[in-house]
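Here's the structure we're looking at; comments come further down.
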Amino acid sequence: MNLDEIFMRLALDEAWKYQLLTYPNPAVGAVIVQNGRILAVQAHQKAGTSHAEVIALLYAYEVLSSKRIVFDRFDAHKAHDFLLSLPKNFFSECTIYVTLEPCSHTGKTPSCASLLQKLSPKRVVIGLKDPITGHNNGAKMLKSVTLGVLEDACRDLLEPFLIWQKRAFVLFKLAQTTNGRIGGGYLSSQASLYHVHQLREVCSTLMIGGNTVRIDRPILDCRFTQGRAPNVTIYSKKKKFDETIPLFGVNRRSVTVTEELDWLTEPSFVLVEGGERMLKALKDHIDWMLIYQTPKLSTHELSYNIDMNLAFLHQDKKDADIMIWSRQVGH
């Protein structure tokens, strides 16, 4: 692995920390290096806020100047204005690595390609060209560009974004012990539970099976993040439920009960939480699985008895748990 690949890998690892949390934006990571010294490793964190390149540039500024910025770095317009006010050659000896081609368009945030064009860093190293027409061609605005570094890995990172441009991106979340058991109450660490609630905050709908609702009587809120609870879609042939089940009492939430799946043709991000029956019912519609594996062994009888082939995409830790992003293959 050469230096460009090493720095791009750092950008990728940082971006994966915010995978799906940026919905409906893509997860993107950026690294800034000057003469072999890493100045910043950052990522886009939330839709409508500063992009990865901008956040990285601000942190690089703080390192190079030994000064702290005094405004909200996630305010993209303030961030762009500040960076453009710096001396023209401030970043002239820097190389910026970014997993996705800097955007050429102006939307809720200004164009990153236009910003880099004016800041004129020494090099811009890009993992993947932007495949969205109207957002692409940012590289053509820049000089000293290197394209295609760890391109396949950057494409994996971008896959959910590409899917939800056309239809629902369906993520099945599961938590299990090291020997594959799923019963017996909470299995995951607090950090894993917090992450699940972060995903609930941004998803278009949280999908769950009718039997799970009736048996577990869940609330399915975002209490760990203190965010707004997601809308819920209950997949069930039986339409009647006990209205005292906590999930029905959450304010500003819509609950839909359906036995149809044709709505998955609509662009969206669908988070699925459920057991074996739900996994089997949705097997042909699931794009990715997110597995939280806790370092425990259990004698509990519940598990996922299903044949599925997975390709592991990325692995991280949430406290003691291993968190594995995986793609279903061969369906």
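Computed quantities for the displayed model
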read-out	value
So residue 56, is it closer than 28 Å to residue 315 by Cα, touching a His at 6+ places or on another chain (Cβ under 8 Å), touching a residue at least 40 places away in the same chain (Cβ under 8 Å) and not acidic (Asp, Glu)	no
Residue among 206, 264 that is farther than 22 Å from residue 304 by Cα and outside any loop (DSSP other than H, G, I, E, B)	264
Cβ pairs under 9 Å, 6+ apart, first in region 205-223 and basic (Lys, Arg), second open to solvent by less than 20 Å² (accessible area, probe 1.4 Å) and in a helix (DSSP H, G or I)	217/247; 223/197
Residue in region 118-132 that is under 26 Å from residue 151 (Cα atoms), in a helix (DSSP H, G or I), open to solvent by less than 10 Å² (accessible area, probe 1.4 Å) and in contact (Cβ under 8 Å) with a residue 12 or more places away in the chain present	no
Region 99-109 - residue that is over 16 Å from residue 142 (Cα atoms) and not hydroxyl-bearing (Ser, Thr, Tyr) and, of those, modelled with the lowest pLDDT	107
Verdict on residue 31 being crowded, with 24+ Cβ neighbours inside 10 Å, assigned to a helix (DSSP H, G or I), modelled with pLDDT of 95 or more and assigned by the TED database to the domain that holds residue 8	no
Scope region 36-51; condition modelled with pLDDT of 95 or more, over 21 Å from the mean Cα position of the chain (by Cα) and of a type outside the set (Val, Ile, Thr); matching residues	37, 39
Region 215-248, subset modelled with pLDDT of 95 or more and not in a loop (DSSP other than H, G, I, E, B), residue farthest from residue 194 (Cα to Cα)	235
Residue satisfying condition, being part of a loop (DSSP other than H, G, I, E, B), open to solvent by less than 40 Å² (accessible area, probe 1.4 Å) and not aliphatic (A, V, I, L, M), within set 22, 99	22
Condition met for residue 234 (open to solvent by less than 40 Å² (accessible area, probe 1.4 Å) and out of contact with any Leu (no Cβ under 6 Å at 6 or more places or on another chain))	yes
Residues of region 173-190 that turn out to be out of contact with any Leu (no Cβ under 9 Å at 6 or more places or on another chain) and either open to solvent by 40 Å² or more (accessible area, probe 1.4 Å) or basic (Lys, Arg) (or both), as a count	2
Tally of residues being open to solvent by 70 Å² or more (accessible area, probe 1.4 Å), more than 21 Å from the chain's Cα centre (by Cα) and hydroxyl-bearing (Ser, Thr, Tyr) across region 257-301	1
Meets criteria (hydrophobic (A, V, I, L, M, F, W, C) and in a helix (DSSP H, G or I)) for residue 70	no
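One line per residue, one yes/no per condition, for (1) closer than 27 Å to residue 202 by Cα; (2) touching a residue at least 40 places away in the same chain (Cβ under 8 Å); (3) among the β-branched types (Val, Ile, Thr); (4) touching a helix residue (DSSP H, G or I) at 6+ places or on another chain (Cβ under 8 Å):
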residue	(1), (2), (3), (4)
7	no, yes, no, no
15	yes, yes, no, yes
26	yes, yes, no, yes
50	yes, yes, no, yes
61	no, no, no, yes
68	no, no, no, yes
78	yes, no, no, no
85	no, no, no, no
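The values are calculated or read from the model by the stated rules, or taken from the named source; none is laboratory data. Every value quoted in this text rests on a predicted model; they were computed, and no experiment measured them. Note: ideal-geometry Cβ built from the backbone for every residue, glycine included; neighbour counts use all protein chains shown. Accessible surface is based on the protein model in full, side chains and every heavy atom, while ligands, DNA and RNA are left aside. Shrake-Rupley method; radii C 1.70, N 1.55, O 1.52, S 1.80 Å.
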